[in-house]
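Notes for the one structure printed next.
The values are calculated or read from the model by the stated rules, or taken from the named source; none is laboratory data. Remember, it's a predicted structure, so these values are computed and weren't measured experimentally. No Cβ is skipped: glycine too gets one built from the backbone with ideal geometry, and neighbour counts run over all protein chains shown.
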Amino acid sequence: MMKGGMLNKVIGDFSNLPLEDKEYAIYIIKKQLIEAKRDAILRRTREAMANVRKGRVKKGTVKDLYADLESE
């Protein structure tokens with residue numbers, strides 16, 4: 001996460017940009033955010049698949065889930 005001072009500088013610099021540059025910066029930032037979210041989903045999917053392969057995942061119905069939760 002960004003430190004407060006650095007974030008304030010970025011926001012301040014952004015404020016000084018011309019409108020067209022602000023729009024382009026927002027476009028780029030949105031694209032980067034989408035890509036970061038995709039990467040996070042990919043990492044989580046790979047982790048989940050590894051857990052399935054290693055047998056760390058329980059399978060069953062909702063009824064099985066409730067029974068498992070009640071047994072704890």
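Once region 12-61 is narrowed to residues that are polar (S, T, N, Q) and in a helix (DSSP H, G or I), the residue that is surrounded by the fewest Cβ atoms within 10 Å (Cβ to Cβ) is Ser15. None of Leu69, Leu7 is exposed (fewer than 10 other Cβ atoms within 10 Å of the Cβ), part of a helix (DSSP H, G or I) and modelled with pLDDT under 95 except Leu69.
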